[in-house]
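The values are calculated or read from the model by the stated rules, or taken from the named source; none is laboratory data. Keep in mind the model is a prediction, meaning the values are calculated, not measured. As a convention, Cβ positions derive from the backbone with ideal geometry for all residues, glycine included, and neighbour counts pool all protein chains shown. Side chains included, ligands, DNA and RNA excluded: accessible areas come from the protein's heavy atoms. Shrake-Rupley method; radii C 1.70, N 1.55, O 1.52, S 1.80 Å.
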Amino acid sequence: LMLRSGPATKCVAAHRTFDARGQGIVWAVLDSGIDAKHHHFKQYENLQGLPEGLKPQSFVTSNHADAHVDNNGHGTHVAGIIAGGLAPGEPATGVGWFRDAAGNDERRHLAVAGITGMAPACTLLSCKVLRDDRTGDVTALLDALLYIQELNEHGRNVRVHGVNISVGHMFDPAWFAAGLTPVCQEVDRLVNSGVVVVVAAGNTGYGYAKDPNGRSMRLGFDTTINDPGNAALAITVGSTSSSPHRTGVSYFSSKGPTGDGRMKPDLVAPGERIISAASGELLKRAQRTADTATATYIESSGTSMAAPHVSGAAAGFLSVKREFIGQPDRVKQVLMSSATDLGRAQVFQGAGMLDAMRALQSL
């Protein structure tokens, strides 16, 4: 739940102590679009008020207005973790689910009054790179990264301060060395131009093997960081729960090192059972039964949910420490050096669990 992950990452403490709410910061979300009609983004007008010349774009359709339509729901869920939120105490309903003893999925109502993103006042720029079925092409992702470069005049005027990429694909060593694929190189170029780029590590941290008797069993795999998480300069984020000292790193979270031996991920953040804004197919899933028909928030898991916690924390940090704008390498260093060591292997946890409050207090 964001109601628990906000305090766990100390983002809520940073709101109260430093007013680190992302004011004046623009964050691009490269995903399946953002539902501009969802009430989660109304109070702070997160999708309005973009600086002149910055416009949402679709890179998978010819209609750029589609960037504010999300028929899948993944992008809206991700964006809702970064920014937006309800007024304190404003009621809302979410849907979570659990598996009963018979293996059936059961839904449950969750009260999510006053739910808020990690940087509620941050302005969001939607770049649609996934189709409605959540598939996409590398070319769309590359085009979106180049679009951010153009908006920032290739570093001469940084107006898009950060990018969240909760999409990716398995790295194939038959084609390129780790971190040297075209999309990884474009990510590194974007970071070098002054933009913080946060990327999900991937959900391929385990697989299946057979024992000598032919029985399938799950095994944890290392060297499973997805692209563009292999990019050297990106902040690559793995997943934990909202109780990280007890549960450690999520079993599904992709592990390091990279294929060429570099340490990844860089950080971990909550990515298990995160409640955020529901749209498209996710909203239909939330409202599938009569007792959840009014729900507008839904639970989802993955490093896709972990990465926007770091994006939101970075946006909040930049809104307070504005001298760090255009210096993504310093932002990454501060977030990593202030992270909480969970006592797990570095190839699992990187520097540890995000701590937004400690990052601000360290300066």
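Taken over the chain, lysine pairs spaced eight or more positions apart, or on distinct chains, with alpha carbons under 15 Å apart number 4.
Would you mind counting up the charge near S300? Only other residues with Cβ under 11 Å from its Cβ, with Lys and Arg at +1 and Asp and Glu at -1. With Lys, Arg at +1 and Asp, Glu at -1, the neighbours total 0.
Multiplying the residue separation of Y208 and Q48 by 0.36 nm and removing their Cα-Cα distance gives an extension gain of 53.0 nm. At a 1.4 Å probe, what is the % contribution of carbon and sulfur to the accessible area of region 40-79? Using a 1.4 Å probe with all protein chains present, region 40-79 comes out at 46 percent carbon and sulfur. Projecting the Cα positions of S193, A209, A174 onto the charge dipole of region 121-219 (unit charges on Cβ atoms of Lys, Arg, Asp and Glu, taken about the Cα centre) puts A209 furthest along the positive direction. Of all DSSP-defined beta bridges confined to the chain, some 45% are antiparallel rather than parallel.
Between region 79-154 and region 1-52, the C-alpha centres lie 10 angstrom from each other.
Once you list every other residue whose beta carbon is under 12 Å from the beta carbon of K255, what net charge do they have if Lys and Arg are +1 and Asp and Glu are -1?
Working: positive: K264, R344; negative: D222.
Net charge in that neighbourhood comes out at +1.
Restricting the chymotrypsin sites (Phe, Trp or Tyr not before Pro) of region 153-210 to loop positions (DSSP other than H, G, I, E, B) with no more than 10 neighbouring Cβ atoms within 10 Å leaves W175.
GNM on the chain, alpha-carbon springs under 10 angstrom: the most fluctuating residue among E90, E281, E52 is E52.
Taking the Cα centre of the chain as origin, sum charge times position over the Cβ atoms of Lys and Arg (+1) and Asp and Glu (-1), and report the length of that vector in debye to the nearest 20.
780 debye
Under 9 Å from the Cβ of S242, count the other residues' Cβ atoms, weight Lys and Arg +1, Asp and Glu -1, and hand me the total. Working shown, then result.
Working: positive: R4, R273; negative: E272.
Surrounding charge for S242 is +1.
Expressed as a rounded percentage, what relative contact order does region 100-235 have, with Cα pairs under 8 Å and six or more residues apart? Don't skip to the answer; put the middle values down first.
Working: 155 pairs, mean separation 31.2, N = 136.
Once divided by the residue count of region 100-235, the mean separation gives 23 percent.
Shown here for region 268-363: trypsin sites (Lys or Arg not before Pro) in loop regions (DSSP other than H, G, I, E, B) with at most 15 other Cβ atoms within 10 Å, namely R288. Computed on region 273-363, with alpha-carbon pairs under 8 angstrom and 6+ residues apart, the relative contact order is 20 percent. Here is the list for region 203-247: trypsin sites (Lys or Arg not before Pro) lying in DSSP coil, each with at most 14 other C-beta atoms within 10 angstrom of its C-beta, are R215.
Taking 0.36 nm per residue of sequence separation and subtracting the Cα-Cα distance, how much length would be gained by fully extending the chain between A293 and H169, in nm to one decimal? Don't skip to the answer; put the middle values down first.
Values: separation 124, 0.36 × 124 = 44.64 nm, distance 3.39 nm.
Contour length minus Cα-Cα distance gives 41.2 nm.
Quick one: length gained pulling E90 to A113 fully straight, 0.36 nm per residue minus the C-alpha distance? Mind showing how you got there, number by number?
Values: separation 23, 0.36 × 23 = 8.28 nm, distance 0.51 nm.
Gain on extension, E90 to A113, equals 7.8 nm.
Extent of region 220-292 along its three principal axes (Cα atoms, max minus min coordinate, largest first): 51, 29, 21 Å.
Of the residues D105, D222, D19, the one that moves most in a GNM of the chain with alpha-carbon contacts below 10 Å is D105.
A 1.4 Å probe run over the chain, with the rest of the protein chains in place, finds 40 Å² accessible per residue. From the alpha carbon centroid of region 176-215 to that of region 328-351 is 17 Å.
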